[in-house]
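S.K.: The structure's right below; bear with me while I get my questions together.
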Amino acid sequence: MKVLVIGAGGREHALAHKLVQSPLVNEIHVIPGNDAMESIATIHTDIAEADHESIVDFAQKHQIAWVVIGPEQPLTEGLADKLQAAQIKVFGPNQAAAQIEGSKRFAKELMAKYDIPTATYREFNRKQQAIEYVQSCEYPVVLKKDGLAAGKGVIIANNLNEAYEAIDTLFTNDGETVIFEQFLEGEEFSLMTFVNGEYAVPFDCIAQDHKRAFDNDKGPNTGGMGAYCPVPHIKDEILERTNKEIAQPIAQALTKEGYTFFGVLYIGAIITKEGPKVIEFNARFGDPEAQVLLTRMESDLMQHILDLESKQPIHFEWKEDAVVGVMLASKGYPSTYEKGGNVSGFELNGDYFVSGLKKINQHYVTSGGRVILAIGKGNDIRSAKVKAYEAVERIESDALFYRNDISDKAIHNNL
Ligand code: AMP
Ligand code: GLY
């Protein structure tokens, strides 16, 4: 069958790379894709990700059997609804269900109503109310913008002054909703869960992202600076509790409220003293979690999507290898950065997934904040880390930076 992937980043590079290996898939297209995907898929950079009408037209003309939507933006803008209206099968939730990522307030209200463990919160849409609240709240307090913010709409304020500053940053206009959350302490992990209505099947391999820009979790939040899987020091018991206390109840809750979620629900969780709690939900695969999880996945992703559609049992198989992925980002990211820096030295053989490069005269130059994820595989996390940093070293560029400690939490916890 013919499959169309929507998106242009490293996650979509990994999705296309994985799907093309399926015996069920004989043709793969990506809209808009990026130049690094050329060898595995037909890319259509002339069609914009936001141009829903052209995407539907394309899928009809090319008799696409399945559309797999990678990023959050087209999901929250209703691309799945438009494809479904044209009788095209789509992996990715409709606009109403995608609110679970698109609106923090929607997610918090749903969790409160159905007793799903998460940080307690207050919401304000008047700056003055927020200013009064932070004068007597507990610190640290976490401020979150209601809408999509590419991992950059969250500020942790440690004291009143930082809270005032955060309020100024996030209340760009009065009437905007900002969530004020209790600060939770603990280790974070990412659990991808296949969801079709009330049928929810969590991956039995979790991943761990590194959200802060610099080593030792310092610096600003980013979209993700590296990830690894499996996470040996987070035990099956935590995975089972997350399934029982979060994954199953949220699928039930969405269904009871009249939403039909079909796709991957990303559970961003934190292990507190009281057990796992939700930090955030996403309506799609994590980036760069997808790159490491799909590298480790032995079983057929396309078959899993078909089994999810018909609510059949899903049997994951994973390679023995551990997988570590290190993100190389443009210097300055997640703040302002320059584009156009030369990048070379990598081969497109599954060891690198590209998020922000384009080809000019047969050379790759940077075109985004996060640029390329270098993958390492090994029989444990330690050796996978060594391989990943060897892959980093092969890249030649003076436009990029990266963290040196991706996967160290696993290494330190297993000593
Ligand atoms: P989010 O975009 O909601 O995932 O938040 C980005 C990052 O901010 C998370 O990965 C956490 O590291 C941190 N964070 C968000 N909410 C909380 C919270 N309630 N307690 C502690 N850290 C948080
Ligand atoms: N890596 C975190 C995310 O995809 O939201």
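S.K.: For Asp209, are the conditions met, namely being within 25 Å of Ile314 (Cα to Cα), surrounded by 15 or more Cβ atoms within 10 Å (Cβ to Cβ), of a type in the set (Asp, Glu) and in contact with a Ser or Thr (Cβ under 9 Å, 6 or more places away or on another chain)? Talk me through it step by step, then tell me what you get.
M.R.: Working: within 25 Å of Ile314 (Cα to Cα): yes; surrounded by 15 or more Cβ atoms within 10 Å (Cβ to Cβ): yes; of a type in the set (Asp, Glu): yes; in contact with a Ser or Thr (Cβ under 9 Å, 6 or more places away or on another chain): yes.
It is true that Asp209 is within 25 Å of Ile314 (Cα to Cα), surrounded by 15 or more Cβ atoms within 10 Å (Cβ to Cβ), of a type in the set (Asp, Glu) and in contact with a Ser or Thr (Cβ under 9 Å, 6 or more places away or on another chain).
For every residue, the table says whether it meets (1) at pLDDT 95 or above; (2) in a helix (DSSP H, G or I); (3) surrounded by 18 or more Cβ atoms within 10 Å (Cβ to Cβ).
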| position | (1), (2), (3) |
| --- | --- |
| Ala107 | yes, yes, yes |
| Leu110 | yes, yes, yes |
| Asp115 | yes, no, no |
| Gln128 | no, yes, no |
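S.K.: Determine, yes or no, whether Ser335 is more than 16 Å from ligand 2 (Cβ to nearest atom), modelled with pLDDT under 95 and out of contact with any Phe, Trp or Tyr (no Cβ under 9 Å at 6 or more places or on another chain). Outline the logic, then answer.
M.R.: Details: more than 16 Å from ligand 2 (Cβ to nearest atom): yes; modelled with pLDDT under 95: yes; out of contact with any Phe, Trp or Tyr (no Cβ under 9 Å at 6 or more places or on another chain): yes.
In short, yes.
S.K.: Would you mind stating whether Gly219 is surrounded by fewer than 16 Cβ atoms within 10 Å (Cβ to Cβ) and within 26 Å of Tyr259 (Cβ to Cβ)? Walk me through it before giving the result.
M.R.: Details: surrounded by fewer than 16 Cβ atoms within 10 Å (Cβ to Cβ): yes; within 26 Å of Tyr259 (Cβ to Cβ): no.
Considered against the rule, which asks whether it is surrounded by fewer than 16 Cβ atoms within 10 Å (Cβ to Cβ) and within 26 Å of Tyr259 (Cβ to Cβ), Gly219 comes out as no.
S.K.: Given the options Val324, Val365, name the one that is hydrophobic (A, V, I, L, M, F, W, C), assigned to a strand (DSSP E or B) and surrounded by fewer than 21 Cβ atoms within 10 Å (Cβ to Cβ).
M.R.: Working: Val324 fails: surrounded by fewer than 21 Cβ atoms within 10 Å (Cβ to Cβ).
Answer to the selection: Val365.
S.K.: Among Glu188, Glu138, which is the only one that is surrounded by fewer than 20 Cβ atoms within 10 Å (Cβ to Cβ), acidic (Asp, Glu) and in contact (Cβ under 8 Å) with a residue 60 or more places away in the chain? Write out each step before concluding.
M.R.: Values: Glu138 fails: in contact (Cβ under 8 Å) with a residue 60 or more places away in the chain.
Matching residue, one of Glu188, Glu138: Glu188.
S.K.: I need a count of the residues in the stretch 328-351 that are without any contact (Cβ under 8 Å) to a residue 60 or more places away in the chain and either in contact with a helix residue (DSSP H, G or I) (Cβ under 9 Å, 6 or more places away or on another chain) or more than 24 Å from Leu15 (Cα to Cα) (or both).
M.R.: Taking the stretch 328-351 as the starting set, the residues that turn out to be without any contact (Cβ under 8 Å) to a residue 60 or more places away in the chain are 332, 336-337, 339-347, 349, 351.
Now drop any that are not either in contact with a helix residue (DSSP H, G or I) (Cβ under 9 Å, 6 or more places away or on another chain) or more than 24 Å from Leu15 (Cα to Cα) (or both), which leaves 332, 336-337, 339-342, 345-347, 351.
Here the count works out to 11.
S.K.: Among the residues of the stretch 37-67, write down those that are part of a helix (DSSP H, G or I), charged (D, E, K, R) and in contact with a helix residue (DSSP H, G or I) (Cβ under 9 Å, 6 or more places away or on another chain).
M.R.: Applying the first criterion (part of a helix (DSSP H, G or I)) to the stretch 37-67 yields 37, 52-61.
Remaining after also requiring charged (D, E, K, R): 53, 57, 61.
Hit for the stretch 37-67 is Glu53, nothing else.
S.K.: Identify the residue in the stretch 251-283 that is more than 11 Å from the chain's Cα centre (by Cα) and within 13 Å of ligand 2 (Cβ to nearest atom) and, among all such residues, is surrounded by the most Cβ atoms within 10 Å (Cβ to Cβ).
M.R.: Pass one, the stretch 251-283, residues more than 11 Å from the chain's Cα centre (by Cα): 251-263, 269-279.
Now narrow it down to the ones that are within 13 Å of ligand 2 (Cβ to nearest atom): 269, 279.
Working: Ala269: 31, Ile279: 21.
Only one residue tops the list, namely Ala269.
S.K.: Here is a check on your reading of the model: is Lys244 of a type in the set (Lys, Arg) and either within 16 Å of ligand 1 (Cβ to nearest atom) or in contact (Cβ under 8 Å) with a residue 60 or more places away in the chain (or both)? I'd like the intermediate steps shown before the answer.
M.R.: Numbers: of a type in the set (Lys, Arg): yes; either within 16 Å of ligand 1 (Cβ to nearest atom) or in contact (Cβ under 8 Å) with a residue 60 or more places away in the chain (or both): no.
No.
S.K.: Being on the phi < 0 side of the Ramachandran plot and within 16 Å of ligand 2 (Cβ to nearest atom) narrows it down to one residue among Asn243, Asn221; which is it?
M.R.: Working: Asn243 fails: within 16 Å of ligand 2 (Cβ to nearest atom).
Result: Asn221 is the single residue among Asn243, Asn221 that is on the phi < 0 side of the Ramachandran plot and within 16 Å of ligand 2 (Cβ to nearest atom).
Each row is one residue, and each column tells you yes or no for (1) among the hydroxyl-bearing types (Ser, Thr, Tyr); (2) farther than 14 Å from Asn404 by Cα; (3) in a helix (DSSP H, G or I).
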position: Gly332; (1), (2), (3): no, yes, no
position: Thr336; (1), (2), (3): yes, yes, no
position: Gly350; (1), (2), (3): no, yes, no
position: Phe353; (1), (2), (3): no, yes, no
position: Ala388; (1), (2), (3): no, no, yes
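S.K.: Considering only residues of the stretch 141-185 that are in a loop (DSSP other than H, G, I, E, B) and small (Gly, Ala, Ser), which is surrounded by the fewest Cβ atoms within 10 Å (Cβ to Cβ)? Show your work before the answer.
M.R.: From the stretch 141-185, those in a loop (DSSP other than H, G, I, E, B) are 146-153, 158-159, 171-177, 183-185; that's our starting set.
Retained after the next criterion (residues that are small (Gly, Ala, Ser)): 147, 149-151, 153, 175.
Values: Gly147: 14, Ala149: 13, Ala150: 14, Gly151: 17, Gly153: 18, Gly175: 8.
The extreme case among them is Gly175.
Conditions tested, residue by residue: (1) at negative phi; (2) within 12 Å of ligand 1 (Cβ to nearest atom); (3) at pLDDT 90 or above.
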residue: Leu148; (1), (2), (3): yes, yes, no
residue: Lys152; (1), (2), (3): yes, yes, no
residue: Ile156; (1), (2), (3): yes, yes, yes
residue: Glu165; (1), (2), (3): yes, no, yes
residue: Thr177; (1), (2), (3): yes, no, no
residue: Leu184; (1), (2), (3): yes, yes, yes
residue: Leu191; (1), (2), (3): yes, no, yes
residue: Phe203; (1), (2), (3): yes, no, yes
residue: Asp209; (1), (2), (3): yes, yes, yes
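The values are calculated or read from the model by the stated rules, or taken from the named source; none is laboratory data. The model shown is predicted, which means the values in this text are computed figures rather than measured ones. Backbone-built Cβ (ideal geometry, glycine too); neighbour counts: all protein chains shown.
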